[in-house]
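Report on the following structure.
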Amino acid sequence: MVKVVKFGGSSLASAEQFRKVAEIIHSDDSRRYVVPSAPGKRFKDDTKVTDMLYSCYELAAHGKSFDKEFEEIKERYNSIIDELRINLNLDKEFEVIKACFIGKAGRDYAASRGEYLNGMTLAAYLGYTFIDSAEVIFFNEDGSFDFERTKKAVGERLATIERAVIPGFYGSMPNDTIKTFSRGGSDVTGSIVAAGINADLYENWTDVSGFLICDPRIIENPEPIRTITYKELRELAYMGAGVLHEDAIFPVRKAGIPINIKNTNKPGDAGTFIVESTSQKPLYTITGIAGKKGFATINIEKDMMNSELGFGRRVLEQFEKNGVSFEHMPSGIDTMSIVVHQSEFAEKEQEILSGIHRNVNPDLIDIETDLALIAVVGRGMKCERGTAGRIFSALAHAHVNVKMIDQGSSELNIIIGVNERDFEKAVKAIYDIFVLQRL
Ligand code: ASP
């Protein structure tokens, strides 16, 4: 059994957190490859090292003095090294980094040093081999990630190394400069390393015990999700359920490796398993609820719309031409509605509306704003009758007016559109009926 374990920034924010991480790693012999983030926040108003590096580099790039800010970054690492009495001195590394800042080595280079230095520190603390991700994680000329080359390089390099630390978040470009993934990208590195060595499991350690059924800002102490499929996760993540970087799914999914989200501060909690498919019956009919505010609908009416060939295409063409993607498109016989992100649409509103007028000559166009979408997701809904009925009766009891309904053909999710002011109320009503009352 081989596990790749990734630890997020808050798991490695201080010496105390480093101790917990080492204990977790040493408690299971199969945790052989470790992917760390840069030190994150130690307390609520603290600053992540990655953000400190970005600001510091900003000063350097403008030719301003950054000595004070640089010292603070050094201090973050040195305090961990000193407190844990690690046999490591990063002075030379700091000198090189400082010189590269002055030489304007780039924002990505600057940000990547957070993981690079943390990787060195953790490797020294654990007694593992340090591997610079620039040597095994590769990007293409156009900035996209080169999966095949990377997978091969990771596999070959780690084949002869029993235990290693590979920093998250960055890799190298064909011209050897450093490039990072988008924010939170250490998750992606972990997934790539797991795929590269064909790991049995990718453990992603963070500061929560996995995915929760619902946003804890709406429901107090929602239950965690024990097992979720990749498809369900995609639906929930799309609707804003965070925890894991979106791009972290595809490398392991392609290789058939499950992910286990775990809590560094509560290692005994089972966390969430993310799997391709499972025979495990979910505890509740629904797996999760997620939602977002900030949508608008463009409602179009035209008599005999149903018999007008190409009507939909000509409407959608206007959105495409203006670079606005649509989220949903519920339709009736003589009506169709296009659901879009309000802020995206607002920028191109008049171009799109006049385009629609010109293209399909509608009887009426009406715009509704401040819509929230709620996704109720669950493999348990398939072939089960009454799920939609229960959702809508719960919403009716909560006095929430449903403005839109959309059920995908996969029967994996039901999307409900409500007015933004009803959003929290609606989510609570759905959680209540399925989880608290277990109906
Ligand atoms: N340190 C990077 C960030 O803050 C990457 C990561 O933590 O995954 O975004």
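The values are calculated or read from the model by the stated rules, or taken from the named source; none is laboratory data. This structure is a prediction, so every number in the text was calculated from the model and none was measured. Here the Cβ positions follow ideal geometry from the backbone for every residue, glycine too, while neighbour counts run over all protein chains shown.
Rundown of residues vs (1) crowded, with 17+ Cβ neighbours inside 10 Å; (2) at pLDDT below 90; (3) closer than 22 Å to L412 by Cα; (4) under 21 Å from the mean Cα position of the chain (by Cα), yes/no style:
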{"site": "A248", "(1), (2), (3), (4)": "yes, no, yes, yes"}
{"site": "T287", "(1), (2), (3), (4)": "yes, no, yes, yes"}
{"site": "I300", "(1), (2), (3), (4)": "yes, no, no, no"}
{"site": "L309", "(1), (2), (3), (4)": "no, no, no, no"}
{"site": "V324", "(1), (2), (3), (4)": "yes, no, no, no"}
{"site": "V339", "(1), (2), (3), (4)": "yes, no, yes, no"}
{"site": "K348", "(1), (2), (3), (4)": "yes, no, no, no"}
Expected output for the range 100-125 (first residue at positive phi and in contact (Cβ under 8 Å) with a residue 12 or more places away in the chain, partner within 16 Å of the ligand (Cβ to nearest atom) and of a type outside the set (F, W, Y), Cβ below 8 Å, 6+ apart or cross-chain) is G106/I178
Exactly one of these conditions fails for E220: (1) over 19 Å from G380 (Cβ atoms); (2) touching a helix residue (DSSP H, G or I) at 6+ places or on another chain (Cβ under 8 Å). Give me its number. (2)
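Sort through I178, I102, I131, I86 and tell me the only one that's within 16 Å of the ligand (Cβ to nearest atom) and not basic (K, R). Steps first, answer last, please.
Working: I102 fails: within 16 Å of the ligand (Cβ to nearest atom); I131 fails: within 16 Å of the ligand (Cβ to nearest atom); I86 fails: within 16 Å of the ligand (Cβ to nearest atom).
Exactly one of I178, I102, I131, I86 is within 16 Å of the ligand (Cβ to nearest atom) and not basic (K, R), namely I178.
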For V275, indicate whether it is within 25 Å of I415 (Cα to Cα), in contact with a strand residue (DSSP E or B) (Cβ under 7 Å, 6 or more places away or on another chain) and within 16 Å of the ligand (Cβ to nearest atom). no
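Condition check: surrounded by fewer than 16 Cβ atoms within 10 Å (Cβ to Cβ), within 16 Å of the ligand (Cβ to nearest atom) and part of a helix (DSSP H, G or I). Does E58 satisfy that?
The answer is yes for E58.
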Does at least one position in the range 141-150 carry a residue that is surrounded by 16 or more Cβ atoms within 10 Å (Cβ to Cβ), among the acidic types (D, E) and either in contact with an Asp or Glu (Cβ under 6 Å, 6 or more places away or on another chain) or within 28 Å of D247 (Cα to Cα) (or both)? yes
Among the residues of the range 204-233, how many are closer than 19 Å to K281 by Cα and not in a loop (DSSP other than H, G, I, E, B)? 9
Residue that is nearest to G184 (Cα to Cα) [pool: residues in the range 236-251 that are of a type in the set (G, A, S) and assigned to a helix (DSSP H, G or I)]: A248
Single condition G291 does not satisfy, out of (1) surrounded by fewer than 19 Cβ atoms within 10 Å (Cβ to Cβ); (2) assigned to a strand (DSSP E or B): (1)
Positions within the range 1-21 being surrounded by fewer than 24 Cβ atoms within 10 Å (Cβ to Cβ), more than 15 Å from the ligand (Cβ to nearest atom) and part of a helix (DSSP H, G or I), in sequence order: A15, E16, R19, K20
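When you scan the range 416-435, do you find a residue that is touching a Ser or Thr at 6+ places or on another chain (Cβ under 6 Å) and not hydroxyl-bearing (S, T, Y), even just one? If you could, list the steps in order and put the result at the bottom.
Here is the first cut: in the range 416-435, the ones touching a Ser or Thr at 6+ places or on another chain (Cβ under 6 Å) are 434.
Remaining after also requiring not hydroxyl-bearing (S, T, Y): 434.
Looking for residues that are touching a Ser or Thr at 6+ places or on another chain (Cβ under 6 Å) and not hydroxyl-bearing (S, T, Y), one finds at least one in the range 416-435, hence yes.
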Pair list, Cβ < 6 Å and 6+ apart or interchain, from the range 202-214 residues that are more than 30 Å from A429 (Cα to Cα) to residues that are in a loop (DSSP other than H, G, I, E, B) and hydroxyl-bearing (S, T, Y): W205/T264
The number of residues in the range 251-268 that are modelled with pLDDT of 95 or more, surrounded by fewer than 19 Cβ atoms within 10 Å (Cβ to Cβ) and among the charged types (D, E, K, R) is 1
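Restricting attention to the range 22-51, report how many residues are part of a helix (DSSP H, G or I) and within 14 Å of the ligand (Cβ to nearest atom). Lay out the reasoning, then the answer.
As a first pass, look at the range 22-51 and keep what is part of a helix (DSSP H, G or I): 22-26, 49-51.
Now restrict to residues that are within 14 Å of the ligand (Cβ to nearest atom): 49-51.
Residues meeting the conditions: 3.
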